[in-house]
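A short write-up of the structure that comes next.
Read-outs throughout are calculated quantities, based only on the coordinates presented, and are distinct from any laboratory measurement. No experiment lies behind these values; they were computed from the predicted model shown. Methodologically, a virtual Cβ is constructed for each residue, glycine included, from the backbone with ideal geometry; neighbour enumeration extends over all protein chains shown.
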Amino acid sequence: MIDLRSDTVTHPTSAMRKAMYEAELGDDVWGDDPTVNALQERAAELLGKEAALFVASGSMANLVSQLAHLGRGQEAIAGASTHIVEDEQAGHAVVVGASIHQMAENPDGTWDLDELEQSFRDPADPHQPITGLVVLENTHAHSMGQPLTLEYTRRVAAIAHTHGVPLHVDGARFFDASVALGLTPRQLAEPSDSVAFCLSKGLACPIGSMVVGSKEFIHRAWRGRKLVGGGMRQVGIVAAAGLVALSDGPDGTISRLAEDHANARRLAEGLAAIPGVVSPGGLAQPTPGRLDPSRATTNFVIFKVLGDRAAFLAGVQSRGVLLTEYTRGTIRAVTHYGVTAADIDRVIAACAESLRDISAPAAPGAGATQPTVTAAALER
Ligand SMILES: Cc1ncc(COP(=O)(O)O)c(C=O)c1O
């Protein structure tokens, strides 16, 4: 199977498995695990922050960051389509006790900054919650993984800081952004007060995420991690993989993300040439018509097919390819470690064949209902 459902399906590299086998361990709730401590120091150094914390997942990274930044009854500002708003069971409300003011997003993942200015609450008005955090998602998933630039991040940070509010970046795919923009992680992290990033996505580790920020912030996040049951013991066994991922040497998995980006572009170009593959609409590509391969700038490709989506996906699966349903009737493919350019060519062929099958006229007497392709489908 060529599995492009997500970059979370990656398996650890052999260097990671070896490091995990050999990892020096201790009880991390006591602060005694030397491998976790080394990973936290490395993450902080790489992103140019004072301290870092190893946590179980990207959702936990965002949750403990909110616990550290926000008081009960405060409000965060975040993009309407982002993971923290849509995909974390409203942890901001359930656990943190905060609300979220949702920002409309542009197809490059950005916001209107005049609107941002208007979105901070008036602390003098007792009817209103107090704005306590601004959250950006970089890369921005629903815009087909667009990387938010350093200049834009600086502008958002400057506005937030004028209001005395910190900026957190949900950088589940932060290194995809830095590689795509040709920046060091430290440069891209510079305007933010905290960054969360996942080891378990494109970096190919089996488990884990990091949060980085000031010592004071990390101390609060560390308390939050214990609160949500995230204190782990000999967890250096998984942190060891993270140290390999973040290393500068040949076993590190940051610089190879460029290969995933090239594969995503190759896939988008191949798909765009297939009759029946069309623009996904929405933030991913608002212009209707042909899929625009230039939208694939990191490791996401989002598209629609003219025809029955479930039948199309079943058809590609029968040819050894897994893709996934995404929002608003779209399909998502995510490139990652272990997927080669030759695999991408197989995926393109499987998509072309599956689409041909679902658009072929029914054989006489087959009784199958064929999907009707309408111009309106292009507009969806
Ligand atoms: C942008 C973003 N943030 C956070 C997460 C959460 O990561 P996890 O699945 O490790 O909880 C994801 C997961 O897909 C994500 O895409």
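Given springs between every Cα pair under 10 Å in a Gaussian network model of the chain, which of Pro126, Pro185, Pro250 has the largest fluctuation? Comparing Pro126, Pro185, Pro250 in the GNM, the peak value goes to Pro126.
Can you give me the relative contact order of the stretch 11-245 as a percent, contacts being Cα pairs under 8 Å and 6 or more apart? Before the final figure, lay out each step's value.
Values: 483 pairs, mean separation 77.5, N = 235.
Computed over the stretch 11-245, the figure is 33 percent.
For a label point 7 angstrom out from the Cα of Glu22 toward its Cβ, which stretches of the stretch 28-43 have the backbone nitrogen within less than 15 Å? Residues passing the 15 Å test: 35.
Determine the percent antiparallel among the DSSP beta bridges restricted to the stretch 116-212, to the nearest 5. Please report the intermediate quantities before stating the final value.
Numbers: 5 of 13 bridges.
The antiparallel fraction comes to roughly 40 percent.
Once the Cα-Cα distance is subtracted from the 0.36 nm per residue extended length, the Ser318 to Thr184 segment shows a gain of 44.1 nm.
Beta bridges per DSSP, both residues in the stretch 11-245: antiparallel share near 35 percent. Taking θ as phi - 60° and the Karplus parameters 6.51, -1.76 and 1.60, the scalar couplings of the stretch 296-307 work out to 7, 10, 10, 10, 9, 10, 10, 8, 10, 10, 7, x Hz in sequence order, x denoting glycine and proline.
List the trypsin sites (Lys or Arg not before Pro) in the stretch 25-130 that DSSP assigns to loop (not H, G, I, E or B) and whose Cβ has at most 12 other Cβ atoms within 10 Å. Which are they? Show your work: numbers first, answer last.
Values: sites: Arg42, Lys49, Arg72, Arg121; in loops: Lys49, Arg72, Arg121.
In loop regions of the stretch 25-130 (DSSP not H, G, I, E or B), the sparsely surrounded trypsin sites (Lys or Arg not before Pro) are Arg72.
For the chain, the tally of Lys pairs with Cα-Cα distances below 27 Å comes to 8, considering only residues 8 or more apart or on different chains. 3J(HN,Hα) along the stretch 189-203, derived from phi through the Karplus expression 6.51 cos²θ - 1.76 cosθ + 1.60 where θ = phi - 60°, amounts to 7, 3, x, 8, 7, 8, 9, 10, 9, 9, 8, 8, 9, x, 6 Hz, with x in place of Gly and Pro. For the chain, a Gaussian network of Cα nodes joined below 10 Å ranks Gly282, Gly164, Gly213 by mean-square fluctuation, and the top entry is Gly164.
Ranked highest first by average number of other Cβ atoms within 10 Å, how do 220-230, 165-175 line up?
With the highest mean Cβ count within 10 Å placed first, the list reads 165-175, 220-230.
In the elastic network of the chain, a GNM with C-alpha springs shorter than 10 Å, the most mobile of Glu325, Glu137, Glu75 is Glu325.
About its Cα centre, the dipole of the chain is roughly 660 debye, where the only charges are +1 on Lys and Arg Cβ and -1 on Asp and Glu Cβ. Peptide packing for 93-101, 145-153 was compared via the average number of neighbouring C-beta atoms within 10 Å per residue; ordered from the highest value, the list is 145-153, 93-101. As I understand it, the dipole of the chain uses +1 on the Cβ of Lys and Arg and -1 on the Cβ of Asp and Glu, about the Cα centre. Which of Ile77, Ala311, Val339 lies farthest toward its positive end? Working it through, the farthest residue towards the positive pole turns out to be Ala311.
Taken over the chain, the percentage of Cα pairs per 20 Å bin, counting from 0 up to the bin with the maximum distance, is 29, 53, 17, 1.
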